[in-house]
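The values are calculated or read from the model by the stated rules, or taken from the named source; none is laboratory data. Everything numeric in this text was worked out from a predicted model, so none of it was measured. Here the Cβ positions follow ideal geometry from the backbone for every residue, glycine too, while neighbour counts run over all protein chains shown. To get the accessible areas, we keep the full protein, side chains included, count just its heavy atoms, and leave off ligands, DNA and RNA. Shrake-Rupley method; radii C 1.70, N 1.55, O 1.52, S 1.80 Å.
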Amino acid sequence: MLRLRSQLQAKKLPPDLVTLIDTIAIAGKDIAFRLQQGAMSGVLGSAEKENVQGETQKKLDVISNDLLKTYLLESNTVRGIASEEEENIVAGHDHAKYLVAFDPLDGSSNIDINSMIGTIFSILHAPTTETVSQADFLQPGRNQCAAGYILYGPSVMLALTTGNGVQMYTLDQRIGEFLLTTDHVVIGKDTQEFAINMSNQRSWAVPMQNYVNDLLAGSEGPRGKNYNMRWVAAMVADVHRILCRGGLFAYPWDNREPKTPGKLRLMYEANPMGMLVEQAGGSAWTDVGPILDIQPETIHQRVPVILGSINEVTACVGYHKNN
Ligand code: F6P
């Protein structure tokens, strides 16, 4: 089985991009090690402070952010980083070619129950100007040169796209290397599985309520088939399932915070996952258009997300068009 670095070199990617992806993989191995130590190394529980989103940070959110930040800024390939856990961007090396936006530990409410979590990353081209600013990050998802996630589950896995399909790598703990285990990930066009936090149902907009009601009506309803539901509460794990066996994932707008467009963040959740899903033959939309076409306005911007098997995403978006 091919090692990550050899596989990236075989694709003839720019050497700095290979080094950058390799650096993220090394940070992921370090994070995985801390996670495996769990309660033994005192890393569980709350850090007793809030991030820029007003969410209480877990100790491992802070540790993972510091690790990724240190590895990335020490590599000379990164011009700047934007993290879920940092209010502002952090500048890197002056002449480096890439910007990285990341969520160091997605699904962190799962940390204390020893369930799946992950690191999500999006890589963009850096500007050629002398200084780097927040505005340089505000590029549509279509501009991403690479995107992926590291899933910390029963196996540690890396899902990656550099714009030419999606590959999955599994960490071989004996040799400390990510090895290529799936070369060409394909999401089936149709599905009978959906992922959504049903406890918010009464707060969704009417089209989303109608869509999910029709799924729940099963073979006797207008969709004419029975659906299964799954919700891990970590986007990285729910998207991983969709890359493995198809499905629909949605985190729609809801009226708990009417002025907020959704819960998930565009730059380091929706965009990288959107690129992975599209590269695997699926579709990634808000309720009105493709996620990757959104012109970001701020680095911590939120968006509604509907992604997965193409025909199911089209069906769900259709309810929004017709209402
Ligand atoms: O980043 C936010 C996140 O943890 C996602 O990974 C996940 O899909 C979602 O929130 C879970 O939300 P909820 O708490 O509503 O289940």
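Which pairs have Cβ atoms under 7 Å, sit 6 or more apart or on different chains, and link a residue in the range 27-38 that is under 15 Å from Phe102 (Cβ atoms) to one that is assigned to a helix (DSSP H, G or I) and open to solvent by 10 Å² or more (accessible area, probe 1.4 Å)?
Pairs found: Ala27/Leu67; Ala27/Tyr71; Asp30/Leu67; Ile31/Leu67.
Please report, ordered by residue number, the strands (runs of 3 or more DSSP E) entirely within the range 109-213 with at least 2 residues that are of a type in the set (A, V, I, L, M, F, W, C), open to solvent by less than 30 Å² (accessible area, probe 1.4 Å) and more than 23 Å from Arg3 (Cβ to Cβ). Walk me through how you get there before you give the answer.
Working: elements: 117-125, 146-152, 156-161, 166-172, 177-182, 193-195.
Fully inside the range 109-213 and qualifying: 117-125, 193-195.
Could you list, in sequence order, the residues of the range 258-289 that are within 12 Å of the ligand (Cβ to nearest atom), part of a loop (DSSP other than H, G, I, E, B) and either of a type outside the set (D, E, K, R) or modelled with pLDDT under 95 (or both)?
Across the range 258-289, the qualifying residue is only Gly262.
Looking at this structure, is Thr77 open to solvent by less than 10 Å² (accessible area, probe 1.4 Å), modelled with pLDDT of 95 or more and either assigned by TED's automatic domain parsing to the domain that holds Thr298 or more than 20 Å from the chain's Cα centre (by Cα) (or both)?
Working: open to solvent by less than 10 Å² (accessible area, probe 1.4 Å): yes; modelled with pLDDT of 95 or more: yes; either assigned by TED's automatic domain parsing to the domain that holds Thr298 or more than 20 Å from the chain's Cα centre (by Cα) (or both): yes.
The answer is yes for Thr77.
What single numbered condition from (1) under 18 Å from Leu266 (Cβ atoms); (2) open to solvent by less than 60 Å² (accessible area, probe 1.4 Å); (3) among the hydroxyl-bearing types (Ser, Thr, Tyr) fails to hold for Thr298?
(2)
Quick one: count up the residues across the range 51-64 that are open to solvent by less than 40 Å² (accessible area, probe 1.4 Å) and under 16 Å from Lys29 (Cβ atoms).
Result for the range 51-64: 2.
Can you spot a residue in the range 247-256 that is at pLDDT below 95, within 23 Å of the chain's Cα centre (by Cα) and either basic (Lys, Arg) or within 10 Å of the ligand (Cβ to nearest atom) (or both)?
yes
In the range 53-84, how many are within 11 Å of Leu105 (Cα to Cα) and polar (S, T, N, Q)?
Qualifying residue count, the range 53-84: 4.
Scan the range 200-228 and report the pairs whose first residue is aromatic (Phe, Trp, Tyr) and whose second residue is not in a loop (DSSP other than H, G, I, E, B), with Cβ atoms within less than 6 Å and a gap of 6+ or a chain change.
Matching pairs, first to second residue: Trp204/Asp254; Tyr211/Cys316; Tyr211/Tyr319; Tyr227/Phe194; Tyr227/Leu215.
For the range 244-263, enumerate the residues that are within 22 Å of Phe102 (Cα to Cα) and either among the β-branched types (Val, Ile, Thr) or crowded, with 24+ Cβ neighbours inside 10 Å (or both).
The answer is Phe249, Ala250, Pro252, Thr260.
Mind listing just one residue for me: the one in the range 82-95 that is away from the ligand (no atom under 16 Å from the Cβ) and either open to solvent by less than 10 Å² (accessible area, probe 1.4 Å) or of a type outside the set (A, V, I, L, M) (or both) and, of those, nearest to Gly54 (Cα to Cα)?
Step one: list which residues in the range 82-95 are away from the ligand (no atom under 16 Å from the Cβ), which gives 87-95.
If we keep only those that are either open to solvent by less than 10 Å² (accessible area, probe 1.4 Å) or of a type outside the set (A, V, I, L, M) (or both) too, we end up with 87-88, 92-95.
Values: Glu87: 11, Asn88: 15, Gly92: 26, His93: 30, Asp94: 31, His95: 34 Å.
Within the range 82-95, the match that is nearest to Gly54 (Cα to Cα) is Glu87.
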